Amino acid sequence: MATEYAFPDNAAKTADASQEFQTEKMSVAMGPSHPSTHGVLRLNLDLDGEIVTKCDPVLGYLHRGDEKIAENMTYNQFVPYTDRLDYLAPLANNVAYAIAVEKLANLEVPARCQAIRVICCELARISSHLLGLGAFAMDVGAWTVFMYQFTEREKLYKLFEELTGARFTTSYTRIGGVSRDMPEGWTDRVLAFCDQFLPILDEMLEMLTRNKIFTDRTVDVGIITKAEAIAYGLTGPNARGSGVTVDLRKDRPYSGYEQYEFDVPVGTKGDCYDRYLCRGEEMKQSVRIVRQAIKNMPAGDYYAKDAVRIFAPPKAKVLTSMEELINNFMIVTEGPLMPAGEVYFEAENPKGALGFFVISKGGGVPWRMKIRSPSFCNLSILPKVCQNNLLSDVVAILGSLDFVMGECDR
Amino acid sequence: MAVIPVERKPLTFAERTYIPQIISGLKTTLKHMVRKPITLEYPEQRPEIPAGYRGVPTLVYDPNGREKCVSCQLCEFVCPPKAIRITPGEIPSDDPTAHVEKRPEEFKIDMLRCIYCGLCQEVCPEEAIWLQNQFSMSGYTREEMVNDKKRLYELGGTLPDAHFKWDKKKAAEEAGNGHH
């Protein structure tokens with residue numbers, strides 16, 4: 001008869017202990033001044049060990065009431081405020097806003113103006129994606145890309161400075177045109193930038209795409225399925241990373257985007273890595289568009305000359321003609337005259353679809369302006385996508401969603 | 001629509017050992033040790049400012065030394081952050097520029113409010129307010145950051161004038177062709 005031995009079972013004991021000592025969930029407030037929340041996003045996280053069980057974003061730390069401010073000023077005066085929405089791509093905001101109001105006025109701007117705006121938008125996209133990429137890479141532990149992209153962005157800022165007069169807050173567009181024409185030789189400098197940018201971009205992407213540390217942090221992390229992306233109203237690279245083929249430049253072309261040949265990169269899996277790959281490819285496509293726009297740059301005016309009650313007359317005429325002087329005063333004080341009506345316009349911004357809903361009761365001041373900001377809508381998926389992920393993966397997810405709080409809180 | 005799915009190649013065995021990345025990282029570092037610096041040693045070296053830069057707003061004289069601002073207050077009206085305050089004043093009749101009739105008695109730009117948008121320069125019907133090249137301002141108190149008329153003219157100086165519209169008006173009046 002075999003003797004039965006009772007061995008002390010350590011594993012079973014540990015298991016029992018875990019049942020005896022119930023661990024408590026821990027609440028962590030991540031942000032509003034956390035370096036990887038890219039601004040002032042606050043996340044109230046419930047943690048079970050290192051696993052996030054609940055993620056509750058708190059918004060509004062950068063709320064300035066831009067929509068209300070818009071009701072108290074003329075259409076042109078609001079242009080500087082659009083700089084401060086997505087402040088990583090102010091030119092793209094300027095353009096989206098101007099096109100929205102022009103749609104209200106049923107105004108067609110000259111082909112040259114449209115081409116200038118396209119170049120602006122695409123350069124802004126490159127600038128925004130570069131920073132998004134750099135910040136994302138830094139969040140998951142790669143410094144070099146961050147430094148590289150700032151060198152490139154500096155070159156872009158030099159170009160913006162020359163074109164608009166300011167590096168950051170460009171305020172370039174006006175209703176019915178842009179504030180001034182391109183300076184002499186500017187297009188050549190843009191082309192030169194494009195030429196030297198592509199090899200550097202490849203180098204930057206190479207540092208991440210084939211990097212084991214980076215792929216460990218991003219592949220299969222924060223998967224957003226195609227259905228989820230559509231359900232939560234994601235737009236821009238975040239939606240395309242999940243395989244949704246939505247790009248307003250193709251779907252509803254504006255500002256002459258239908259003339260340009262470019263591809264829309266989409267992801268297959270919808271994880272952080274796919275979103276990163278999409279942004280990288282989009283920059284290459286942007287360079288393609290810029291090159292085409294410069295190659296086919298039409299001659300003509302940079303503003304709608306026939307819109308005499310919308311676009312202020314040129315300075316030389318204001319100084320010499322009494323009628324133009326009066327018109328200048330009227331446009332500035334009353335604002336560009338708009339018909340009564342409602343209009344909604346969405347543009348494909350770097351972060352996604354930026355929409356302006358303008359209600360006008362006539363005159364030069366909007367009655368109501370609603371801004372549909374892509375970052376805000378993109379962040380709506382955060383509670384869903386952060387759940388059951390590691391705390392350290394939340395940082396990667398935030399970086400890959402590439403939001404900007406200036407636009408989110410408006 | 002030309003849609004291109006992004007390529008996701010799995011890492012090779014070599015790449016999974018981290019070794020190629022380490023080597024290429026060292027290569028990058030070495031490359032950067034020998035290249036020229038791209039940074040600017042700021043206070044000593046100054047960046048080049050392109051034409052049409054939107055720096056600190058200033059007031060300017062015309063080449064004859066007349067202050068160009070006629071205090072129409074259009075810039076005060078258009079300024080989105082309401083940084084400009086103008087007190088209009090009349091030009092005394094014994095002044096050589098009396099035919100211009102008005103000039104600002106006080107002109108204040110609050111540089112703590114100014115957003116350098118350049119709308120004031122754009123709307124000015126006299127080309128009197130210019131955003132020039134200065135891009136940094138500092139002060140110890142809030143009052144110091146409000147540029148008054150004297151300081152604005154100091155910053156602005158004299159700019160060329162293409163039209164001399166007031167001189168033309170005076171000449172026309174003296175020749176009996178004035179608009180009245």
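The values are calculated or read from the model by the stated rules, or taken from the named source; none is laboratory data. Remember, predicted model here, so these are calculated numbers, not experimental data. Cβ: placed from backbone, ideal geometry, glycine included. Neighbour counts: every protein chain shown. These accessible areas exclude ligands, DNA and RNA; they are computed on the full protein's heavy atoms, side chains included. Shrake-Rupley method; radii C 1.70, N 1.55, O 1.52, S 1.80 Å.
Structure above, values below:
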item: Any pair with Cβ under 7 angstrom, 6 or more apart, that starts in the range A:181-205 at a residue that is free of Cβ contacts under 8 Å to residues at least 60 places away in the same chain and among the acidic types (Asp, Glu) and ends at one that is open to solvent by less than 30 Å² (accessible area, probe 1.4 Å) and assigned to a helix (DSSP H, G or I); result: none
item: Selected residue (only one of A:Val178, A:Val266, A:Val219 is over 21 Å from A:Met138 (Cα atoms) and within 11 Å of chain B (Cβ to nearest Cβ)); result: A:Val266
item: Complete set of residues in the range B:82-92 that are within 14 Å of chain A (Cβ to nearest Cβ) and either closer than 14 Å to B:Val123 by Cβ or open to solvent by less than 20 Å² (accessible area, probe 1.4 Å) (or both); result: B:Ala83, B:Ile84
item: Count - residues of the range A:342-373 that are under 22 Å from A:Lys250 (Cα atoms) and either more than 19 Å from the chain's Cα centre (by Cα) or polar (S, T, N, Q) (or both); result: 3
item: Exclusive hit being surrounded by fewer than 17 Cβ atoms within 10 Å (Cβ to Cβ), more than 12 Å from chain A (Cβ to nearest Cβ) and on the phi > 0 side of the Ramachandran plot, set B:Glu106, B:Glu101, B:Glu154, B:Glu143; result: B:Glu101
item: Among (1) within 12 Å of chain A (Cβ to nearest Cβ); (2) under 20 Å from A:Arg153 (Cβ atoms), the one test that B:Ile22 misses; result: (2)
item: Subset of the range A:356-386 (residues that are in contact with an Asp or Glu (Cβ under 6 Å, 6 or more places away or on another chain) and more than 22 Å from A:Glu346 (Cβ to Cβ)); result: A:Gly364
item: Leading residue by the ranking (nearest to the other protein chains (Cβ to nearest Cβ)) among those in the range B:109-140 that are touching a Cys at 6+ places or on another chain (Cβ under 8 Å) and β-branched (Val, Ile, Thr); result: B:Val123
item: Any chance B:Lys168 is of a type in the set (Lys, Arg), loosely packed, with under 15 Cβ neighbours inside 10 Å and more than 13 Å from chain A (Cβ to nearest Cβ); result: no
item: Residue that is most open to solvent (accessible area, probe 1.4 Å) [pool: residues in the range A:360-410 that are part of a loop (DSSP other than H, G, I, E, B) and among the small types (Gly, Ala, Ser)]; result: A:Ser380
